[in-house]
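So the structure is just underneath, and the comments pick up after that.
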């Protein structure tokens, strides 16, 4: 029963284990690497502790100096170096990709306790982010008050929204659908419900949503929310 309850928490709109982009898949892979490595370290450490109780002579035969050298220095260094390398290789790709130019930029402005999204042409939405499927989109993050953190678990990793500073996170949704997003940085009493939805559309549908406030419509005196 406990196992079923744990597994039931591995799905849903905020699950990192159901990735829908290359960046999110990298994060999921890193999660599994850390999970397997942590499990292996736990089993190895527990085994040594059990041996120390039931077969202490085996550990004495190995030698105190070698036990300290290998168990306390060599093996931890190798494991930690591998985990750090995996974290840098898999965990920074979304931010690194954002340094390259993208065809579309959407501004995400955080404040206690909502998210506002500003699209090219002037269209604005609150707590709802529209994205085109199969296309790189740079989310330009900033905050009007305190530090918030933008996180869409199924599409990318977390990145802070900081007052007076802009950070850029690249999103690329593989297919249409609806995903969940949250503020992942404690920002006050309204932090817990500071969530937003992400709707990914076909390119034409996306254009139709943001079109009412496109530049040519503004020039003609048209507009809408």
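One table, with the values for the structure above:
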| item | result |
| --- | --- |
| Cβ-derived FRET efficiency at R0 45 Å, residue 51 paired with residue 112, nearest 0.05 | 0.25 |
| Sequence-separation-based contact order of region 146-204, relative, with Cα cut under 8 Å and 6+ spacing, percent | 35 percent |
| Whether region 100-219 is rounded, prolate or oblate, judged on the alpha carbon gyration tensor where a/c under 1.5 counts as rounded | prolate |
| Region 100-219: relative contact order in percent, alpha carbon pairs under 8 Å with at least 6 residues between | 29 percent |
| Ranked packing of 28-40, 107-119, 197-209, most packed first, by mean Cβ within 10 Å | 107-119, 197-209, 28-40 |
| For region 14-91: relative contact order, % (alpha-carbon pairs under 8 angstrom, 6 or more apart) | 45 percent |
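Every read-out reported here was derived from the displayed coordinates using simple, explicitly stated rules and does not represent laboratory data. Just so it is clear, the model here is predicted, and its values are computed rather than measured. When we count neighbours, we look across all protein chains shown, and the Cβ atoms used for this are built from the backbone with ideal geometry, even at glycine.
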